[in-house]
Structures are given as C-alpha cells and as structure tokens.
C-alpha cells in the first residue's frame, strides 16, 4: 500500500474535520411548545437555529425577524415580519401547516405581502384558517436553507373583530337611555367596552358589556351633550385575544347648551349662596338687636292683664326688662335745700305765726313748719 | 289499550320535547361553559401549588371527538390536588370539584358519544398542570364556538 503524501494527508484531515463539524448540528433548547397571545401575539415558540457552518457563520448566527399574525374577524389573516431588519434585502419565504392530522400538509404562502419589493408578510384567506388547531409557521432564508425559524401559534387568541356598527340610542324613560349596536361576529364570542362622556366631562367613563349588544344609562341630563363609542374583543368564551378592535363611529345625544364661563359659574355656585346666607344672618342679628332694645308695644287686649296679673306693675306688664327698669330708676340723692326769707328790719319782728297777710306773701317768707298732732 | 297508547304517546312527545335543541338548553350549556372557563382561569393562578407533575392533556382533537376529550380532561382533573391543605387548598378543591361536574349535553355531544374511533384518554401527551389547564381552556373555547349558535 502506498503511503499518502503529506499534502494529501493534510487535505484528508481537513475533510474529516469539516465532516465531523457538519454532522454535529447545534440545537438550542426549545421553549414552550404552545404559545398563546397573552400579552404579545405571535410569541416565538419552538426555535430551531441553523447548524453552525463555519463558512457562513456570520449569516446563520443572525436571528430571523419575529413574525406577527392577526386574524381579522375570522375572514382573513396577516402574518408579517420586519423585512428591514435583515442586513441585506432578502426575500424570506414562509411555510405553514397545522398540527392536526387533517391539515398537516406543509404549504408555502400563496399570497406574499411586499414592502419595497421584498417579502414582508403573508395573507391567508378564510379557507386556510383553522382557529382551534395549532398553527405552525416557518420563516426561512432561501439563500441559507438552514437559517429558519418556526413558531407555534393559537389562532383563537389572535382574532381581532371589526369595530361595532350601527350605534343607535333610544329613550327608555324620561332620563334612561339605551345604546344598541351591531356586532360583526358571533355575539357570544365577543366582549364589548362602552365609553361615554358628556360635554362637561374631562374623561371617558367605561363600562364592560358581555355577550350582548346593548347598554343602558339610567340617568342622563338633557342639558348635556353625550358621546358614546364601543369596541369589541374576541374573549373569553371563544378565544383569549388581548387585542381590541377599533373604536366604532361615535354617536351623540342631548343638547349642546353653552358651557358658561368660569366667572358665571363662580357667581352662581359660590357668591349667591354665600350672599344669601350672609343676608339671612344679618337679618337675624338685626331682629335680635331690635328685640332687646325696643320692647314690644302692648296691645289693648292685654290691658286687663296689667290689672289682673301684674297688679299695676307697668314695667313688668310692658315687658321692659328688669335691668332696663332698674337702669331707669334714679340712682342719685339730693339734699333738700330749705330756702328761708330774711325778714326786713322795719316791722317784721312783732309778727306771730299768723302774721299780716302782706308779710305772709312776701317773697322771703318761710313756710310754717307743720308737725303732726301727737 | 287506548290508555296504553295514550301513555306511550305522551312519553314519546315528552322525550322529543326534551331532546330538541331549545334555546333554554343552549342557554344552560352557555352558562356552564362560561363557568368552566372562569374556573380554569381561577385555577391557573394556583398552578404552582398543584400536583401531580404531569397529566394527559388532549390537544388538536380531531373533529367530533371534543366531547370525549372533555371527559378525559374532567377525569384527570380529579387527580389534581394541592400539596397541602389550608385556605388555598379549600379553594383549589372547590375549583377542581367544579371542573368535574357534568356539562349539559347537546345533540352534537350525544352523537359524539357514539363515535368509537376517538383516542383513549391515556394516549394523549402528558403535560404539567399549567399546560393541562391551557389546553382545557382551548378545548372549551372550541366547543363554545362550534356548538352554540
């Protein structure tokens, strides 16, 4: 047997090395087998990286863009990815199948969506959608077939219904309003969210509605202008979708009376009540003061009470307060000042107590002192 | 003889009236399914406290075998149990008991019971309690979507 030459030996060794590396694919551990739309739709499920080929290490190490799928009202589905994330423009291919044995044939996307002439998504028609079978979608780089990624999705959690339509309002009673709308899909599969506000509210008021197409507002003010809108979600009886539909066209009810400027509001709501209160309090104070200072004038009807009840006590009968009566009593004393006449020197000495009438009438005559008889 | 015929007629009419798909029957089924889905959601909060580790969990059930798969879920739900008793243990036991309660049957479900080709319960892949409950919820949603108007 001929001995192989040195270059040939090296070449054979290199080939063996490459063969050994090629037969040892690197697989990352797979994540959860089943994915739901909780939080983020199109979440990656099982992930298979390409084998590590040293010749194209730079390309195969790059992960493929994440795919996002939404089923629009169970009429069609779009699965899209960010084609601009690729370092160079690449027409990625999409294949899909269902895990159920009836629809497990691998098929390529029949209707690609393009963005700047590069594939960026796939459109699925209604007949290709099976909501309750595990949907497996695979994205692949055609230039590097081993560079591929798979996702397993539950389509019932990725349904987005159309927005509700034909909103109508009717008065159930004088102040009760009922809102009705049409759903685009089976009523028992949808939950709805009603938002309403008046022209004087700053924010919306929300009310969830489950499995029916009506909402009642028990008390409305006819002087306000109300606005209603509704949106729907495929949750929870037929799916666990997190994404809401678009809002419906809004509907209005009521009258658009003028809002009023803040100063008129301050006048109506603050000044008038305070002013009224102040007026009432001041009137009360005046009344109390008058009651104390000006006693009431006794009527003739009560005149007999002066004799029968009060025994001639005028002040008590009239209602003058004791304090006022006492204050009117004189609280001073004055000594009696006797004024006597100094008799003239000429003839006024001999007169007795009787005296002449002329002297009795003189201006300086002192009146006789009267003493009670013993 | 006439009386016997009359009784048989009454029984027959009563059976037909009971078995027909009335709106009341659908409504009862809807209420029960809604209650089941709510129970599954509540039980998912306690998955970390549930045993055993693995349970057969049907998925991607073939057409017309949903009723059989639901019976399998209800059978294995009885094996779920909290590791210890307590406030949460009592609540978990109530949820599990609710899962095992019978679901009102419809015409479609009665027809499915006659199909012998549905897989047996033990043939399904075993999964942890969290995945078990997710698949149960998925099956219930499928049944609501397909069997109710």
Item to complete: Calculate, in whole percent, how much of the Cα-Cα pair population of segment A:115-181 lies beyond 21 Å.
Response: 57 percent
Fill in: Long-range Cα-Cα pairs in segment A:61-159 (distance over 24 Å), rounded percent
19 percent
Item to complete: Would you mind putting A:142-148, A:114-120 in packing order, based on average other-beta-carbon counts within 10 Å, highest first?
Response: A:142-148, A:114-120
Practice prompt. First measure r as the distance between the Cβ atoms of residue A:144 and residue B:126, then evaluate 1/(1 + (r/R0)^6) with R0 = 45 Å and state the FRET efficiency to the nearest 0.05.
Written response: 0.80
Item to complete: For peptide B:140-147, compute the average count of partner chain beta-carbon atoms within 10 Å of each residue's beta-carbon.
Response: 6
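Would segment A:169-222 count as rounded, prolate or oblate if I go by the C-alpha gyration tensor, calling it rounded below 1.5 in a/c and otherwise prolate when a/b exceeds b/c, oblate otherwise?
Because a/c hits 1.5 or more and a/b fails to exceed b/c, segment A:169-222 counts as oblate.
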Worksheet item: Where does each of A:253, A:289, A:247, A:81 land when they are ranked from fewest to most other beta-carbon atoms within 10 angstrom?
Response: A:289, A:247, A:253, A:81
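Please arrange B:122, A:141, B:41 by how many other C-beta atoms lie within 10 Å of their C-beta, fewest to most.
Starting with the residue having the fewest Cβ neighbours, the order is B:122, B:41, A:141.
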Worksheet item: Over the Cα atoms of segment A:161-253, Rg to Rh with Kirkwood Rh, two decimal places?
Response: 0.98
Practice prompt. Set the Förster distance to 56 Å, then compute FRET efficiency between residue A:315 and residue A:206 from the Cβ-Cβ distance, nearest 0.05.
Written response: 0.15
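Mean shadow of segment A:82-240, computed from the convex hull of its alpha carbons, in nm²?
Result: 13.5 nm².
Computed from the coordinates by the stated procedures, all read-outs in this text should not be read as laboratory data. No experiment lies behind these values; they were computed from the predicted model shown. Cβ: placed from backbone, ideal geometry, glycine included. Neighbour counts: every protein chain shown.
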